[in-house]
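Have a look at the structure below, then the notes.
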Amino acid sequence: MTQATTTRPSLVSLSDIAELARVQRPVPSTWRRRWARSATPFPGPAERVGAREFFDLDAVVGWLEQTNLGNTRGVREEAALFASLEAQPNATAVLDGLEALVALTAESGVALGHMDAAALLDLADDADPHDSHLYRELRSLGEDLPLWAGRADGIVEAAFGVHGALEVLSRHRGRVGAASPADLHPSATALAAAIALELAEPGERHRATFVDPAGAGELLLAMPGIAEDESPVAMLTPAETPEARSVRRRLVAGGWHLRAAETDDGRVAFPDGCLILTQLPSASRPAMSDLDVVTALEEIALAMHDADRAVVVGPASALANRTRDAATGQVRAEVLRTGKVRAILRLPAGLWPARSRQQLAMWVLASPHDGGPVRDQSVAVADIATSAMGEAARQDVVMDVVAAMGGSTAVRGHAFRFARLVPTSALVATAGELVSVVAPVARPRQSPVEIALEAQRLAAAVSAPVPGVSLDIVHGEHGGVRTATVGQLVASKAVRVIPGNRIDATDLLPGAPVPVIGPEELLRARRPGDRGVDRLSFASRYGSGRYTEPGDVVFCTTPATAAQVDVEGLSVVLSPARVLRIDPDRARGLTPELLVHALRTGPGTGPWRAWPVRLVPAAQAAALESALHDAEVARDDARQRLDALDALSRTLVEGVSTGALTLNHPTEPDDHQAEQEG
């Protein structure tokens, strides 16, 4: 057994201390200076690495508890999440080992801290007999393996589970310089995952097979909700790079069943009905030219069955921009001629940290819904390089892509926000930028009278009275802020977590009497009330089905974080959305609106149970709840006005540009009066 690491006390930097105490970065430095001559001075540095100082974590935790400083009371419970690895010799090996221990915890279902090194390696050999993702990483920890196993248990416990622990270790990976050069910005992976989630039938996800024929499966990591609830299969090409092994560890720990991709004459053989999700270049193939990228894309398109779908992320120079050489352009045109390219998106710059100036693009492939020759097909193209990709914008991009995947009826019934349809033949014929190809202008599908009435309706909607927030405010004195994490509220039984219902897609009906609330409703990708379930069918088919109660907080963290209060109750929440239900007898100073505010404004990273919630005096809870409710009503009204303004702009441009509408220039009041008098 090799001994590649050396044990040290758990250390933290000043930045780590600030995150642990939930204060700004300069605050720990201020504590050191102000408390230096007090009876309880700030702990001195335990070690220096270059110019950086590191402090003993136990001493810092004891000092924070003794002085009652910081903005969290769970400092000891959360301390393991902030222990620095930068001061450890061979920090990358330690990080890989911790990641492997967390993955082993997930696979074995047992805590590891009580085992000796031999028992841990035996357990690792059982879980990873072919050494595909974790055995060698544990062996490299040598005699220190039991100590690191104990620390891994502490991280899992403090992070409320394996998934949260992996997110913590992922942040450490960037700090010790062990990030993969193929890693993408979370907004890029979140968009790819959101599109893939929509392409995967909700009722079939537990039987779905996700294939990465050219990469290491990095994009699958952006879909933890699927693995947590469905345990699908991921088929990957074998790769022995450290980055690829790390991806496999995180997938296994997240609940994915890994299988080696089968090949036929050197090409990956896709199972019928699979969803292909790949990134080019990737951790398994880090060096790929533009020609390599489009060649790999061509192999994917040719191997796809009619029921297969694919989401591919790669350099915009290969997938969207003017090609740099004739060979790349020729292969790209051949892929377009297959008729399987349904959408092309050019993404903002800066989403590839290792190549910050390299722009990315995304292709979505599937067999044409209506069949027919390529000359009759079209592709949805969108240049979102300059668009701010907030939650609402991302969902609109996803909905544009989903509409483009459907037949002609779905396309005609969708108002595209970012994308526009371009004939496939026009894309094949160009060697320039694909997202800049101009499509022929289509004639309006409504009559001039219908367009005029729609414009009048939208104008009335945006001119309606604006709801406000009524407040009677008296200033007071600053006091201490009470906070608790969501996890602490759950542990104290002040808040109860209720999982969402798993409903077959065929039971979700438009206009059904029982409204449903899922991630689409929470993220405003679908209007509330657009779909529902029949009460009798729900009771008969889902015996353990649950309804919401008035005041329940419905939230989701996948594909993004969103939350709202269900004021009326008696709704059905769709998994992976969940419910937080407050016990008023145990939750003094806590309201549903405060929980919603905490989830909406939380860190957005790490386990949601670790996010802080502000508590208010019990005497103020009702007044604050009323004010926040009024603010939410005004916020919903503002969203509806923005939608109506966007629709009004589209209607006016379409109507005037085609001659269906004529706008009379508004006259000033004085001019109008003069005309009447004359």
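What follows is calculated from the coordinates using simple rules that are stated; it is not laboratory data. Quantities reported herein were computed from a predicted structural model and do not represent experimental measurements. Cβ sites come from the backbone with ideal geometry, for glycine too, and all protein chains shown count toward neighbours.
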Item to check | Simple spin-label estimate for Thr601 and Ala452 in nanometres, 7 Å along Cα-Cβ | outcome: 4.9 nm
Next on the checklist: Compute the orientation-averaged projected area for the stretch 39-80 from the convex hull of its Cα atoms and round it to one decimal in nm².
Outcome noted: 3.5 nm²
Checklist outcome for this item: Each label sits 7 Å from Cα toward the beta-carbon; between Arg641 and Leu302 the label points are separated, in nm, by 5.7 nm
Checklist entry - For the stretch 288-431, with the dipole built from +1 on Lys and Arg beta-carbon atoms and -1 on Asp and Glu ones, taken about the Cα centre, which of Ala393, Ser289, Ile344 lies farthest toward the positive end? => result Ala393
Next on the checklist: For a distance above 25 Å, tell me the whole-number percent of Cα pairs in the stretch 186-430 that qualify.
Outcome noted: 38 percent
Checklist entry - With charges set only on the Cβ (+1 for Lys and Arg, -1 for Asp and Glu), what does the dipole of the chain come to about its Cα centre, in debye to the nearest 20? => result 1000 debye
Item to check | Calculated diffusion of the chain, Stokes-Einstein form, Kirkwood radius summed over Cα pairs, 4 °C and 1.567 mPa s, µm²/s | outcome: 46 µm²/s
Checklist entry - What are the residues whose amide H is under 5 Å from the amide H of Asp552, where those residues sit 5 or more places off or on another chain and H is modelled from the backbone? => result Asp566
Item to check | D (Stokes-Einstein, µm²/s), Kirkwood Cα radius, the stretch 312-366, 1.567 mPa s at 4 °C | outcome: 111 µm²/s
Checklist entry - Tell me, what is the percent relative contact order of the stretch 525-575, built from C-alpha pairs under 8 Å that lie six or more residues apart? => result 32 percent
Checklist entry - Which one of Leu98, Ala505, Ala216 is farthest out on the positive end of the charge dipole of the chain, using unit charges on Cβ (Lys, Arg +1; Asp, Glu -1) and the Cα centre as origin? => result Leu98
Checklist entry - Quick one: Cα centre-to-centre distance for the stretch 527-541 and the stretch 153-167, in angstrom? => result 36 Å
Checklist entry - Under the rule of -39500 (n - 2.57) per DSSP H run of 4 or more residues, summed and divided by the residues of the chain, what mean residue ellipticity at 222 nm is obtained, to the nearest 500 deg cm²/dmol? => result -12000 deg cm²/dmol
Checklist outcome for this item: Here the stretch 1-97 gives, from Cα atoms, an Rg and Dmax in Å of 14.2, 48
Checklist entry - Pulled fully out, how much extra length does the chain show between Asn68 and Ala491, if you take 0.36 nm times their separation in residues and subtract their Cα-Cα distance? => result 150.1 nm
Checklist entry - What is the set of long-range amide H partners of Ile276 at a cut-off below 5 Å, with H atoms built 1.01 Å from backbone N? => result Val211, Arg309, Ala310, Val311
Checklist entry - Which value in Å does the Kirkwood hydrodynamic radius of the stretch 272-356 take, with 1/r averaged over all unlike C-alpha pairs and then inverted? => result 13.5 Å
Next on the checklist: Quick check for me: using +1 on Lys/Arg Cβ and -1 on Asp/Glu Cβ, what's the dipole size of the stretch 186-430 about its Cα centre, in debye to the nearest 20?
Outcome noted: 660 debye
Item to check | Val495 long-range amide H proximity, modeled H, under 5 Å | outcome: Val490, Asp583
Item to check | Rough spin-label spacing in nm, given labels placed 7 Å along Cα→Cβ, for Asp325 and Arg650 | outcome: 4.2 nm
Item to check | Percent of beta bridges antiparallel (DSSP, the stretch 186-430, rounded to nearest 5) | outcome: 50 percent
Checklist entry - Computed over the Cα atoms, what is the radius of gyration of the stretch 11-175 divided by 2.2 N^0.38 Å, N being its residue count? => result 1.12
